[in-house]
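Participant: Here it is: the structure, laid out below.
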Amino acid sequence: MLRNLRYQIKLFSSPRKEFYSFIKSLTGFSPLKFKLYDTAFIHKSASTVDGMGNVVNNERLEFLGDAVLGTVVADYLYNRFPGKDEGFMTQLRSRIVNRSFMTQLTFRMGLHRYVESNTNSVNETSHIYGDVLEAFIGAIYLDSGYYQAKQFITKKIFAQYVNIDELVMSDTNYKSQLIEWGQKNKKSVEFNTAAHTEAGDGKAPFFSAVIIEGETMGSGEGFSKKEAQQNASKEALEKIPLQE
């Protein structure tokens, strides 16, 4: 009772009470270590320095949240699909935890409204938002433990914002689709992937081009070589029907 009273006083006397109330409403529990949640929304471009001289941004929380998310998703899929093999679960997990999907979830949940960033490249496709969701999960883990983080991911994110059955039916492995098309139609498919020379703050560091029968049919950027190739493959697949 006394603890709850102290919490209420701290919450409603804070200049960020609207933010903390949002967190409580979203997660379903009362946040205790407020500074963790503040930090979770600070992109490295908006880094600050604390009284001890430490740089403050969400990168460490993102690292931790990524690990917690991966564990919870693996556990969830293992129990949800007892008859499926490792390959099926690995592909489905990758669709859930990939940065693009995490960014979509950040907007659906309203977390994007509180992101602090000083980069001009922030938009609705920026991975800054997906990183914030992972950092937020890391904050929940440090604040209230693994069980609470698991409850948030399964009862809040999965139950309210993720259609698992729809993800099962979708196939977003564009590179695999393209390679299969090439084999079926006896067409050579090659990827030219390299570090992006214009990569900078918030920009994708990798670029890839898809070359089919000696002709560039698609290009894409990404925060990993794999993502750049997937984006390039998607563009190529959209053009293929027009070429046949």
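The values are calculated or read from the model by the stated rules, or taken from the named source; none is laboratory data. In this text, all values refer to a predicted model and were calculated from it rather than measured experimentally. Neighbour counts run over all protein chains shown; Cβ positions are idealised from the backbone, glycine included. Protein only, heavy atoms only, side chains kept; ligands, DNA and RNA dropped before computing areas. Shrake-Rupley method; radii C 1.70, N 1.55, O 1.52, S 1.80 Å.
Participant: Label point 7 Å out from Ala159 along Cα-to-Cβ: which residues of the range 20-62 have amide N under 20 Å?
Facilitator: 22-31
Participant: For Lys33, give me every one of the lysines with a C-alpha distance below 19 angstrom, ignoring sequence neighbours fewer than eight places off in its own chain.
Facilitator: Lys10, Lys17, Lys24, Lys150
Participant: Can you pull out the trypsin sites (Lys or Arg not before Pro) in the range 21-52 whose DSSP state is coil and whose Cβ has at most 15 other Cβ atoms within 10 Å?
Facilitator: Values: sites: Lys24, Lys33, Lys35, Lys44; in loops: Lys33.
Those satisfying the criteria are Lys33.
Participant: Lys/Arg Cβ at +1, Asp/Glu Cβ at -1, dipole of the chain taken about the Cα centre: which of Phe34, Ser45, Gln183 is farthest positive-ward?
Facilitator: Farthest towards the positive pole: Phe34.
Participant: Further question: So for Tyr146, Tyr76, what's the accessible-area order with a 1.4 Å probe, most first?
Facilitator: Numbers: Tyr146 85, Tyr76 55 Å².
The residues order as Tyr146, Tyr76, largest area first.
Participant: Would you work out the relative contact order for the chain, in percent, from Cα pairs under 8 angstrom that are 6 or more residues apart?
Facilitator: On the way: 336 pairs, mean separation 38.9, N = 244.
The normalised contact order for the chain reaches 16 percent.
Participant: Turning to a different aspect of this structure: How large is ³J(HN,Hα), in whole Hz, for each residue of the range 95-103 in order, when computed from phi with the Karplus curve 6.51 cos²θ - 1.76 cosθ + 1.60 and θ = phi - 60°, using x for Gly and Pro?
Facilitator: Calculated HN-Hα couplings, in order: 5, 6, 8, 5, 4, 4, 5, 4, 5 Hz.
Participant: Sticking with this one: Provide the per-residue ³J(HN,Hα) series for the range 178-186, in order, calculated from phi with Karplus coefficients 6.51, -1.76, 1.60 and θ = phi - 60°, each as a whole number of Hz, with x at glycine and proline positions.
Facilitator: Once θ is set to phi - 60°, the couplings for the range 178-186 become 5, 5, 4, 4, x, 5, 5, 9, 6 Hz.
Participant: Also, I was wondering about something else. Can you give me the accessible area per residue for the range 47-167, using a 1.4 Å probe, in Å²?
Facilitator: Values: 6250 Å² over 121 residues.
Result: 52 Å² of accessible area for each residue.
Participant: Same structure again: Given 37 °C and 0.692 mPa s, how large is the Stokes-Einstein diffusion coefficient of the chain in µm²/s, with Rh as the Kirkwood radius over Cα pairs?
Facilitator: Answer, rounded: 164 µm²/s.
Participant: Under a straight-distance cross-link criterion of Cα-Cα below 30 Å, which lysines are reachable from Lys234, leaving out those fewer than 8 residues away in the same chain?
Facilitator: The reachable lysines, counting only those whose Cα sits under 30 Å from Lys234, are Lys84, Lys175, Lys184, Lys186, Lys187, Lys203, Lys225, Lys226.
Participant: At 0.36 nm per residue, minus the direct Cα-Cα distance, what do Arg16 and Asp85 gain on full extension? Give it in nm, one decimal, please. Can you show the working numbers first?
Facilitator: Working: separation 69, 0.36 × 69 = 24.84 nm, distance 4.63 nm.
Extending this stretch completely gives an extra 20.2 nm.
Participant: Additional query: Compute the acute angle (0 to 90°) between the alpha-carbon long axis of helix 59-80 and the principal axis of greatest extent of the alpha-carbon atoms of the chain; round to the nearest 10°.
Facilitator: That works out to roughly 70 degrees.
Participant: Skipping prolines and chain starts, which residues have an amide H placed within reach, meaning under 5 Å, of the one on Val56, given they are 5 or more residues away or on another chain?
Facilitator: For Val56, whose amide H was placed from the backbone, the distant partners under 5 Å are Thr48, Val49, Asp50.
Participant: Where in the range 179-195 does the label zone of Ser219 land, with the point 7 angstrom along Cα→C-beta and an amide N cut-off under 16 Å?
Facilitator: So the set is 191-195.
Participant: I'd like the Karplus ³J(HN,Hα) series for the range 140-155: coefficients 6.51, -1.76, 1.60, θ = phi - 60°, whole numbers in Hz, and an x wherever there's a Gly or Pro.
Facilitator: Using θ = phi - 60°, the values come out as 4, 4, 6, 7, 10, x, 5, 4, 5, 5, 5, 4, 5, 5, 7, 8 Hz.
Participant: Further, regarding this structure: Relative to the longest principal Cα axis of the chain, at what angle does helix 225-243 sit, 0 to 90 degrees, rounded to 10?
Facilitator: Roughly 50 degrees between the two axes.
Participant: Tell me, what does the Kirkwood hydrodynamic radius of the range 57-180 come to in angstroms if you use every pair of distinct C-alpha atoms? List each step's numbers first, then the result.
Facilitator: Values: mean 1/r = 0.0654 Å⁻¹.
Averaging 1/r across every pair of different Cα atoms and inverting gives 15.3 Å.
Participant: From the residues Ala195, Phe22, Met89, which one has its Cα farthest along the dipole of the chain in the positive direction, the dipole being from +1 and -1 charges on Cβ of Lys/Arg and Asp/Glu about the Cα centre?
Facilitator: Of Ala195, Phe22, Met89, it is Phe22.
Participant: Taking the Cα centre of the chain as origin, sum charge times position over the Cβ atoms of Lys and Arg (+1) and Asp and Glu (-1), and report the length of that vector in debye to the nearest 20.
Facilitator: Dipole magnitude for the chain comes out near 1120 debye.
Participant: Roughly how many nanometres apart are two label points built 7 Å out from the Cα toward the Cβ at Thr119 and Asn185?
Facilitator: Roughly 3.5 nm, to one decimal.
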